Amino acid sequence: QVQLVESGGGLVQPGGSLRLSCAASGFTFSLYPMSWYRQTPGKERELVASISSTAGYTNYADSVKGRFTISRDNAKNTVYLQMNSLKPEDAAVYYCKGRVLAREYWGQGTQVTVSS
């Protein structure tokens, strides 16, 4: 019943910007923290950013700090990842993750390509 659906990925040039969205359903979205992860070919999935249920706390990987911003709109059951000053090394499949009770839920992922 819990479902997370990412959107907003695509092709962008180095230095460009992109905003990812994750639409959640099947649970009381406002009660739970949310996170963004990414995975590149041949590498493990890594945590990019996380946000608390009421957006009072955010956390970022050092590699994206100052360039990416995580936010949420609890009225829309949506979490966002604003990505600025994109670098080629940011290219990856980006996943939305939520933890509901004792179980983790993942979206299907959205591809971000950073290339000239």
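Summary table
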{"item": "From the options Gln111, Gln82, residue that is modelled with pLDDT of 95 or more and open to solvent by 70 Å² or more (accessible area, probe 1.4 Å)", "result": "Gln111"}
{"item": "Scan of the stretch 62-79 for residues that are open to solvent by 20 Å² or more (accessible area, probe 1.4 Å) and either more than 19 Å from Lys43 (Cβ to Cβ) or touching a strand residue (DSSP E or B) at 6+ places or on another chain (Cβ under 9 Å) (or both), ordered by number", "result": "Ser63, Lys65, Gly66, Arg67, Thr69, Ser71, Arg72, Asp73, Asn74, Ala75, Lys76, Asn77"}
{"item": "Residue check for Tyr95: at pLDDT 95 or above, open to solvent by 20 Å² or more (accessible area, probe 1.4 Å) and touching an Asp or Glu at 6+ places or on another chain (Cβ under 9 Å)", "result": "yes"}
{"item": "Members of the stretch 3-58 found to be surrounded by 15 or more Cβ atoms within 10 Å (Cβ to Cβ) and in a loop (DSSP other than H, G, I, E, B), listed by number", "result": "Gly8, Gly9, Phe27, Tyr32, Pro33, Arg45, Ser53, Ala55"}
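The values are calculated or read from the model by the stated rules, or taken from the named source; none is laboratory data. Treat the numbers as computed from the prediction; the structure is a model and nothing was measured. No Cβ is skipped: glycine too gets one built from the backbone with ideal geometry, and neighbour counts run over all protein chains shown. These area figures cover heavy atoms from the full protein model, side chains too; ligands, DNA and RNA do not enter into them. Shrake-Rupley method; radii C 1.70, N 1.55, O 1.52, S 1.80 Å.
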